[in-house]
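To start, the structure itself, in structure tokens.
The values are calculated or read from the model by the stated rules, or taken from the named source; none is laboratory data. Being a predicted model, the structure only gives us computed values, none of them experimental. FYI the Cβ positions are ideal-geometry reconstructions off the backbone, even for glycines, and counts take in every protein chain you see.
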Amino acid sequence: MLRFAGTFVLILMLTVAAAGCNLVQEDESDAVAVVNGVEISREEFDQEVERNVEMYTSQGYELTDEDMDLVKEMALEQMISTELLLQQAEQKGITADEVDAEGEIEYIKSLFDSEEEFEQALAAQGFTEESYFELLKDSLIIHELLASQLDFDSIEVTEEEVQELFAMLEEEHGELDFAEMEPHLTAQLVEEKEGQLINTYIQQLRDEADIEILGY
């Protein structure tokens, strides 16, 4: 079974510019944005914001009003990007039937000592098992889309790039063991380049999309 934790986290953490979005004043509709004719509901948006707030507060952060504005902005940008990717996946014929969300969630559960511990971890992030399953399913669909559309195999990391990153870390932390760190540094650089490919792809979708932000 495909394990996609790195890409999954990367997708969730994507923050891209709002270029191509038509920002208008908040109205009385129940939607916060419309993406190619598909509404993102205020209820879904509020739930996403609440989950993000719970995640930060569970880690001991105290959010200011300015922080909350940023959390809301990032939540909406993530939801718009996700909607665009899911729409593209549907156009490419990639649906829930193509992925094994149930098998993946069982694998994730196996990483915890008990069902209760798993549920507590979800709750700390603002999820129920049902809401997490839906997110997982969408994320698997997006993963399949990205794997089919982007040439991740072409990514190369040079020895010079690894050495530059290692030197930067040594400046910050003192003498380090290159042989021990090299595989981790290489993996980090690969993930960064994957992120660049994904961001470019999402921006292309945004440039071609009809996105209207109604306000939140």
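Where helices (runs of 4 or more DSSP H) fall entirely within region 1-107, those with at least 3 residues that are at pLDDT below 80 and not aliphatic (A, V, I, L, M) are at 5-13. Evaluated against (1) free of Cβ contacts under 8 Å to residues at least 12 places away in the same chain; (2) under 23 Å from VAL34 (Cβ atoms), GLU77 falls short on exactly one condition, (1).
For region 69-95, the set of residues classified as in contact with a Ser or Thr (Cβ under 8 Å, 6 or more places away or on another chain) and closer than 16 Å to ASP46 by Cβ consists of MET74, GLU77, GLN78, listed by residue number. Taking the criterion of being touching a Phe, Trp or Tyr at 6+ places or on another chain (Cβ under 8 Å) and part of a helix (DSSP H, G or I), the residues of region 108-128 that qualify are ILE108, LYS109, PHE118, ALA121, LEU122. Please verify whether region 138-150 includes one or more residues that are modelled with pLDDT of 90 or more, surrounded by fewer than 14 Cβ atoms within 10 Å (Cβ to Cβ), of a type outside the set (A, V, I, L, M) and out of contact with any helix residue (DSSP H, G or I) (no Cβ under 7 Å at 6 or more places or on another chain). Within region 138-150, one or more residues are modelled with pLDDT of 90 or more, surrounded by fewer than 14 Cβ atoms within 10 Å (Cβ to Cβ), of a type outside the set (A, V, I, L, M) and out of contact with any helix residue (DSSP H, G or I) (no Cβ under 7 Å at 6 or more places or on another chain).
Are any residues in region 175-216 over 27 Å from GLU83 (Cβ atoms) and either surrounded by 16 or more Cβ atoms within 10 Å (Cβ to Cβ) or in contact with a helix residue (DSSP H, G or I) (Cβ under 8 Å, 6 or more places away or on another chain) (or both), and if so, which ones?
Here is the first cut: in region 175-216, the residues over 27 Å from GLU83 (Cβ atoms) are 175-190.
Once the filter is applied, which keeps residues that are over 27 Å from GLU83 (Cβ atoms) and either surrounded by 16 or more Cβ atoms within 10 Å (Cβ to Cβ) or in contact with a helix residue (DSSP H, G or I) (Cβ under 8 Å, 6 or more places away or on another chain) (or both), region 175-216 yields LEU176, PHE178, MET181, GLU182, LEU185, THR186, GLN188, LEU189.
In summary, ASP30 fulfils each of the numbered conditions (1) within 17 Å of ILE213 (Cβ to Cβ); (2) under 19 Å from the mean Cα position of the chain (by Cα) with the single exception of condition (2).
Suppose the filter is out of contact with any Ser or Thr (no Cβ under 6 Å at 6 or more places or on another chain) and either surrounded by fewer than 16 Cβ atoms within 10 Å (Cβ to Cβ) or part of a loop (DSSP other than H, G, I, E, B) (or both); does TYR132 pass it? So TYR132 does not fit the description; no.
Among the residues of region 71-115, what is the count of those that are surrounded by fewer than 14 Cβ atoms within 10 Å (Cβ to Cβ), of a type in the set (A, V, I, L, M, F, W, C) and under 20 Å from the mean Cα position of the chain (by Cα)? Count: 1.
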